[in-house]
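Below: one structure in C-alpha cells.
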Amino acid sequence: MNFQPLFDPSEVESISTAWANAMIAWSLKSFVLLLFASSAAWLLRRRAAATRHLVWTSAIGAMILLPLSSAWVPEVGTLPLRALRTPPAEQSRPPEGLILVARADFPQTATPPPILHTLKLTPMPPASPPSTASLPALLPRPGSWSIRTWALFLWELGALLVMAWLGVGTFRVWRLGRRCTLRRDPLWERAAADAAHALGLRRVPALAWTSESLTPMTMGWWRGCVVLPPSAREWSPNHRHEVLLHEFAHVQRRDVLSQSMAQLACALMWFHPMPWIAAGRMRLERERACDDRVLMAGSKASTYASHLLEMARSLRFESSLSAATVAMARRSHLGERMDSILDRRPRGRRMGLAARIAVLVTTLLVALPLSAMRPAPAVSEDPSDAERKDRPERVRWNDERFRTRDDREEWRVEADGVVDFAPDESQILWMEEGARFELEWIDLQNGDRRRVVFDGKGDEGFDVHYSVGPQTLPFDPQAQQWFDQALRTTFDRSGVLADRRALRWLEEGGVDAVAQHLRQLESSWTLGLYISALMPRLKDPQDRQIIVAAALDGLSTDFERARILQLVRPEFLGDDSSAGLWLGWIGNLDQDFAITQSISGIGRDQLSSNALHLALQTGERMESDFLKTQFLFELIPQVAGDPELEEAFYRVADEIESEAQYDELMRILHAAQP
C-alpha cells in the first residue's frame, strides 16, 4: 500500500523561503533604485517638475519590473546579503499540532526491553476548536507556522487590503462617472478647444458635470475625461482656461496611468516606506508639472495661485477617489505648490526630448545591474552523525492524515505523551501514565474504518480500544498484526525520524534494503527527507546510484522526480561518470518544466567539458523556447570561449524560433566571449 500526505508541509516552507529570499532581494534593490531617484530628483530641483516626475515614474516602473528582469538577465554579481535556507528541523516536520522529542535517556530497568528510541509528545497550546479538525488535510495550522510563513501570510494580507482599498476607490470613480452628465455648454466647449489647441492635443477631452462639490479632476487611463463641479459655470474666462489647461495636461501626460502604476507598487511593497515616499513625490511633481504648463501658456502666477487656493477652500476631494483620478486642488502639498508657482527665481519649466532620453537611459543603467545581482547562496549545514544522535528530534504529529495516491484509503494519527516503540516501530512497548496514541484507517470507497486507541498507565501497561466501524472488538493477534503493519507504514509515510530510520536501514540491511524501503514511498517530500540523510554518508557512487534510482522508481510524475534530481545534484556533479548518469535521468523526463527545475542553477556548478556537452544534449530535447533560453543563459559563463562547446551551444540555440530571445541570447554570449 502506498501513501502520501494530503498536504505536503515542506511545500509551504519552501515557498515561504523562496518568497522571503525574493522579497528581501527585491526590497534591497528597490531601496537602492528609489534612493538613486531621490538623489537625482534633488540634483534636478531647479529643473522642470516634469523631469523630476519622469525620474520618479521611471524608477517606480523599473522597481515593479525588477523581479521579472532578474529572471531574464544573467547573474553577474551578488547582493550584500545571504539567501535564507530552509532549516533542516523545519524540513522534517509533518503537519503539526503536537511536538515529539526523541529521547535516549529514558529510565533503565534491570532487564531493559529492546527499545530504539522514545518519543515524547507534548501538546501545543491552545487546543484547536473542533470545527478545525479537518484543517491539516488542507494547510498547516497557524500555530505551527514559521516566521517566514507568517511573513508571507501578512504580506499577502497587506497586499490584499491595499488592493481592496484601490478596488473600492475604482468602483466609486465608476459610480461617479455613471452619475455625471455630458451637457453641452458653448462657453466651456470653446474654452476646451482653446486649451487643447494650446497644449497641442489632437482630440479635445470630454467634459463631465457632477452634482457634487468636488474639485476638478481627471479620470481615465487613455481617453481622459475631466469632471467639473456645478460651481464651475460661474467661473471667469481666465479661471476656466486655467483649470482646463491643468486638467488637459494630466490627460496629455497620462498621469492617471502613472498614478495607478505607483499604487500597484505600494500594494506589492506595502511594508516598504520607499515606494510610499516615491508615490507621494510623484503626486507633488505631477501637479507642479501641470502648474508649469498653465504658467507657460501665459497665465499670471498670482491669479492662478489665488484661483487654486479658492478651489482648495471651497471644494472637497474624497481620498478614495484617488484610486483612479487625479485632482487639481487637493490640500496635501498645496503649500509647496504655491511656493513653486510664486517662485520668481529662474528655473526650467519645460522638459525637452534630450532630458527624457537621459532620464530613461540613466534609470535603465541603474536597474539592469541590480537585476543581474542575486543573493549569495545559503550556507548549508551538515551536522555529524554524533551531533544528530545526541540532538533531540523535534517534529509535529497531531491529527496527521495520509492518503493513497488513488484516494482509496486514508490514515489518521494522533498522539500525546511519552511512548516507547520497538526498534522497528512495529509495536508500542510502554507508555507513561496519561499518554494517548490513536491510529485510524478509513476506506474512502465504501466508508469502512478501523480505529485503535492506546491509553498509557505507566508501569501498569496500557489499555487498548479497538473498533471496526461502529463495533468494538477484542485486540486479538489478528488486530495486533494489522496494527503492527499500520504503525510501520505510518512512520514510513510521515517521514518522522527519517534520518535515524534511514541510517538504521543502512546498518541493518545495506543499500539494497534501503532501496527496497524507498520504492514503497510515493511522496517526493518524504523521499527527500530520507535521501537528505543518506547522501552525505554514501561515499560509493554506485551506492548513490542505487538509492536515487530506487527513489525515482517510486514516483509517478516528472515534477516529483525533478525535486529529487534537484536535491541530489551536488552529489553527482563531482565526476563525468556521475554527472552523465544524473543528466541521463533528467533526459528521461518528458516535461520541459521538470527538466528546467532539475537543472536550475547548474550554471553555478563547475562542470567538465563532457558534462557540458551532455547538458547541451539535454537542452536539445526541450520544446519551449522560453525554458530553453533560460537554460542556455545559465550555461553561457562556462561555454563562452570554448569552440567545441560554443558549436554545440549554437546547435541548440538555432532551434529557438523566437527572434527576440535568440538575439538576446547571442548578444550575451558574444559579450561573454574573451
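How many nm is it between the label spots at K300 and S69, if each spot is 7 Å from the Cα in line with the beta carbon?
4.7 nm
Right, something else. Express in nm, to one decimal, how much length is gained between A660 and D185 on full extension, taking 0.36 nm for each residue of separation and deducting their alpha carbon distance.
Length gained between A660 and D185: 165.9 nm.
On to the next question. I need the calculated FRET efficiency for the pair D575 and R331, taking r as the beta carbon distance and R₀ as 51 Å, to the nearest 0.05.
The computed FRET efficiency comes out at 0.10.
Return the sequence-ordered ³J(HN,Hα) values of the range 637-650 in whole Hz as given by the Karplus equation 6.51 cos²θ - 1.76 cosθ + 1.60 applied to θ = phi - 60°, using x for Gly and Pro.
So the Karplus estimates, Gly and Pro as x, are x, 8, 8, 4, x, 9, x, 5, 5, 5, 5, 5, 4, 4 Hz.
Follow-up. Would you grab the residues whose amide H sits under 5 Å from the one on W430? Only those 5+ places off in sequence or on another chain, please, with H modelled 1.01 Å from N.
Residues meeting the criterion, in which the H sits 1.01 Å from N, are D420.
I've got another one for you. Out of residues 5 or more away from G224 or on other chains, whose amide H comes under 5 Å of its own, with H placed 1.01 Å from N in the peptide plane?
Amide H neighbours of G224: none.
Let me ask something additional. Quick one: 3J(HN,Hα) in Hz for the range 282-298, Karplus 6.51/-1.76/1.60 with θ = phi - 60°, rounded, Gly and Pro as x.
Karplus values, whole Hz, x for Gly and Pro: 4, 4, 5, 5, 5, 5, 4, 5, 6, 4, 4, 5, 5, 5, 5, 7, x.
When the accessible area of the range 278-338 is split by element with a 1.4 Å probe, what percent falls to carbon and sulfur?
The C+S portion of the solvent-accessible surface of the range 278-338 is 50 percent.
Given a 1.4 angstrom probe, I'd like the percentage of the accessible area of the range 141-206 that is carbon and sulfur, rounded to a whole number.
On the range 141-206, the fraction of accessible area on carbon and sulfur atoms equals 65 percent.
Still on this structure, I have one more. Under 1.5 on a/c is rounded, so check that first for the range 531-608, then, if it is not, pick prolate when a/b is larger than b/c and oblate when it is not; a ≥ b ≥ c are the square roots of the alpha carbon gyration tensor eigenvalues.
Judged from the Cα gyration tensor, the range 531-608 comes out oblate (a/c at least 1.5, b/c at or above a/b).
Express the Stokes-Einstein translational diffusion coefficient of the range 553-674 in µm² s⁻¹, to the nearest whole number, given a Kirkwood radius over alpha-carbon pairs, 25 °C and a viscosity of 0.890 mPa s.
The Stokes-Einstein estimate is 169 µm²/s.
Contact order normalised by length for the range 505-574, with contacts defined as Cα pairs under 8 Å and 6 or more residues apart; what percent is it?
Averaging sequence separation for qualifying contacts and normalising by length gives 39 percent for the range 505-574.
Set the Förster distance to 22 Å, then compute FRET efficiency between S236 and R175 from the Cβ-Cβ distance, nearest 0.05.
According to the calculation, E is roughly 0.10.
E623 label point, 7 Å along Cα→Cβ, cut-off 17 Å on backbone N: hits in the range 650-666?
655-658
Share of the range 539-674's accessible area from carbon and sulfur, percent, 1.4 Å?
Looking at the range 539-674 in its full context, I get 47 percent from C and S.
Within the range 407-444, what residues put their amide N at less than 19 Å from the label point 7 Å along the Cα-to-Cβ vector of D463?
Within reach of a label on D463, which here means backbone N under 19 Å from a point 7 Å along Cα→Cβ, the range 407-444 contributes 414-419, 428-440.
In addition: What's the ranking of 156-163, 19-26 by average number of surrounding C-beta atoms within 10 Å, highest first?
Top of the packing list down: 19-26, 156-163.
What is the extension gain from Q427 to Q485, computed as 0.36 nm multiplied by their sequence separation minus the C-alpha to C-alpha distance, in nm to one decimal?
Taking 0.36 nm per residue and subtracting the Cα distance, the gain is 20.0 nm.
Ordering V464, V652 by how much accessible area each has at a 1.4 Å probe, largest first, what is the list?
V464, V652
The values are calculated or read from the model by the stated rules, or taken from the named source; none is laboratory data. Since we're looking at a predicted model, the values are computed, not measured. We place every Cβ from the backbone using ideal geometry, glycine too, and count neighbours over all the protein chains shown. Please note that ligands, DNA and RNA were not included when accessible areas were found on the heavy atoms of the full protein model with its side chains. Shrake-Rupley method; radii C 1.70, N 1.55, O 1.52, S 1.80 Å.
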